[in-house]
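Novice: One structure, as structure tokens, below. Some questions next.
The values are calculated or read from the model by the stated rules, or taken from the named source; none is laboratory data. Nothing here was measured: the structure is a model prediction, and the numbers come from that model. Cβ atoms come from the backbone with ideal geometry, glycine included; neighbour counts cover every protein chain shown. Calculation scope for accessible area: heavy atoms of the full protein, side chains included, ligands and nucleic acids excluded. Shrake-Rupley method; radii C 1.70, N 1.55, O 1.52, S 1.80 Å.
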Amino acid sequence: MAMVMTAAASLPARLATRTMPCRTMYRGMSSGFLVNQPKYEFLKDLGIKEQNLGVFDGQWKGSGEVVTSASPANGQPIASVVTGNLADYESCVVAAEEAWQSRRRQGTQGI
């Protein structure tokens, strides 16, 4: 399998270059977000705001393009999401590896 080497870790090429489909046709529209409509107040209870950070490595971050998430039920924009760049995703890989190593060490202490 071809691998792409990064500063923090190695990622399979299919992950390092993969882009996920998303709807970006609503760029710049904030007043029409479902998160601001009373019917969808539960979205705010979940912590969703008009603009959200889309990468988590122990804390939320995002340094990439801003895209809009659309409802699959009605096609209306839910909220915008700041995507990550390569450095953001590398920090996720590092955090995951550190968590795995930490958990691995904890698992051997009781033996």
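Novice: Quick check: anything in region 91-104 without any contact (Cβ under 8 Å) to a residue 12 or more places away in the chain and basic (Lys, Arg)?
Specialist: yes
Novice: Name the strands (runs of 3 or more DSSP E) wholly inside region 36-111 in which the number of residues that are at pLDDT 95 or above, open to solvent by less than 60 Å² (accessible area, probe 1.4 Å) and among the hydrophobic types (A, V, I, L, M, F, W, C) is 1 or more.
Specialist: Details: elements: 51-53, 66-70, 77-82.
Ranges flagged: 66-70, 77-82.
Novice: Check region 16-29 and report whether any residue there is modelled with pLDDT under 95 and among the aromatic types (Phe, Trp, Tyr). First the steps, then the outcome.
Specialist: Initial filter on region 16-29 (modelled with pLDDT under 95): 16-29.
Now restrict to residues that are among the aromatic types (Phe, Trp, Tyr): 26.
Scanning region 16-29 turns up at least one residue that is modelled with pLDDT under 95 and among the aromatic types (Phe, Trp, Tyr).
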